[in-house]
Ligand code: SF4
Ligand code: SF4
């Protein structure tokens, strides 16, 4: 596609990168067929091609974001399905990330939006604050029908309450900073990202991961100084905060890499994995962090990518049929498609692919709270597709999808457990049966 940027605009390296991406788009429209918001809303401006056009115009004119641009970019899930489909290799993720940062820098959102986004950005990445907020949300859950009728932020607050668990998850005894060494001879040493919301909502995921790795002879370190990876606020366009959070994490991991060394940095939330694997790009122009960020990105692996290279011998045969839901950040963001299913099959699970598996479940970080209407439609579509498989359980590799699909089955009045893939791996290797499986 031809672009028309002036030289002053192209002096900005971020704009140069976006201009290069824009030029690779040939406007063929293949991506529209796999874009969830286009499929649901049918508006060209809610398709990748339409959004690319809006971003191009905004950047070329060098003007503040308009209400129209913000509306259509906000509706984008950043699911990256369009990147998988695009034959020209358009890097939509970098383009929309840049557009979101431009929106935050140039557009003043209405008060309700500012409040909602501010609350999410200041709660979710901080486990202690989030734990407190969760407690409040649990107490407020029975009042959801009243809350969602409120004229001011009713739908968004209702969506938040719906996603809150009914009971408080126990605090894990395996929180960091800590080192978990195997009882058998050591074959490797990895860092595990503790995460921010995940250890509060589902501490069993990291616990299962540590047990599995130790059983396989791998030492696991939860380094001092860890925090949120920055993905959450990155997708809200808060560039400065996301970079600060990422830099803190890079420092924590570099201390281990330069100390006892790491074979890999393992991640159990694919949304975080996509961002961490992109640190090299995020810090490309930062002389203090470029090399360190690239090193961290090169070592980052999803837990199933790492397990796929190890020998797995099941301790029991569960005989269960699992619907595997591939999170968008797993399949489109990281291009990991077979490893999780192969790991489950190697352990004796019967694994089924979900029809329309490339379409997002509507979770998408904070999207299910910020865009509850579209998110609810996608949730119903996803759970409907999974239900057709009549699985014993659903497995996936991203906490956001676990909560979203779990809520979808609750709305359908069906009791289909949704667990993290690693919980099934742990169970099959002789660990605890996931509590949700009864
Ligand atoms: S498929 Fe790729 S090249 Fe075609 S319109 Fe979409 S982004 Fe542009
Ligand atoms: S990231 Fe997803 S929602 Fe956004 S334009 Fe691409 S396919 Fe559509």
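What follows draws every value from the coordinates through simple rules; no lab data is involved. The structure presented is a predicted model; accordingly, all values stated were derived computationally and were not measured. No Cβ is skipped: glycine too gets one built from the backbone with ideal geometry, and neighbour counts run over all protein chains shown.
Using R₀ = 41 Å, calculate the FRET efficiency as 1/(1 + (r/R₀)^6) where r is the Cβ-Cβ separation of residue 313 and residue 132; round to 0.05. The partial results should precede the final answer.
Values: r = 43 Å, r/R0 = 1.04.
The computed FRET efficiency comes out at 0.45.
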>> What three numbers, in Å, describe the spread of the alpha carbons of the stretch 180-225 along their principal axes, ordered from the longest?
In response: 33, 21, 10
> Could you state the number of Å between the C-alpha centres of the stretch 313-383 and the stretch 182-201?
Replying inline: 22
>> When the expected Rg is taken as 2.2 N^0.38 Å, what fraction or multiple of it is the alpha-carbon Rg of the stretch 147-206?
In response: 1.75
> Mind listing P(r) for the stretch 41-101? All alpha-carbon pairs, 5 Å bins, whole percents.
Replying inline: 4, 18, 33, 27, 14, 5, 0
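How big is D for the stretch 75-174, in µm² s⁻¹ as a whole number, if Stokes-Einstein is applied with the Kirkwood radius of its Cα pairs at 25 °C and 0.890 mPa s?
Diffusion coefficient, whole number: 149 µm²/s.
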>> What percent of all Cα-Cα pairs in the chain falls into each 20 Å bin, going from 0 up to the bin containing the maximum distance?
In response: 25, 59, 15, 0
> If you bin every alpha carbon distance in the stretch 321-437 into 10 Å steps from zero, what whole percent lands in each bin?
Replying inline: 15, 49, 31, 5, 0
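Assuming 1.306 mPa s and 10 °C, estimate D for the stretch 378-438 with Stokes-Einstein, Rh taken as the Kirkwood radius over Cα pairs, in µm²/s. Please report the intermediate quantities before stating the final value.
Values: Rh = 11.9 Å.
Diffusion coefficient, whole number: 134 µm²/s.
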> By per-residue mean of other Cβ atoms within 10 Å, what is the highest-first order of 50-62, 260-272, 124-136, 396-408?
Replying inline: 396-408, 260-272, 50-62, 124-136
> What's the Cα-based Rg to Rh of the stretch 111-163, Rh via Kirkwood?
Replying inline: 0.97
>> Please compute, over every Cα-Cα pair in the stretch 268-389, the percentage with a separation greater than 20 angstrom.
In response: 56
>> Can you tell me which of 46, 392, 97 moves the most in a GNM of the chain? Springs connect C-alpha atoms under 10 Å apart.
In response: 392
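Which value in Å is the Kirkwood Rh of the stretch 171-255 over different Cα pairs?
13.7
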> How big is D for the stretch 178-307, in µm² s⁻¹ as a whole number, if Stokes-Einstein is applied with the Kirkwood radius of its Cα pairs at 10 °C and 1.306 mPa s?
Replying inline: 108
> Could you give the distance between the Cα centres of the stretch 244-304 and the stretch 42-57, to the whole Å?
Replying inline: 32
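Quick one: which of 20-27, 221-228 comes out on top by average Cβ neighbours within 10 Å, and what's the full order, highest first? Kindly include the intermediate steps, with their values, before the conclusion.
Numbers: 20-27: 15.9, 221-228: 19.2.
With the highest mean Cβ count within 10 Å placed first, the list reads 221-228, 20-27.
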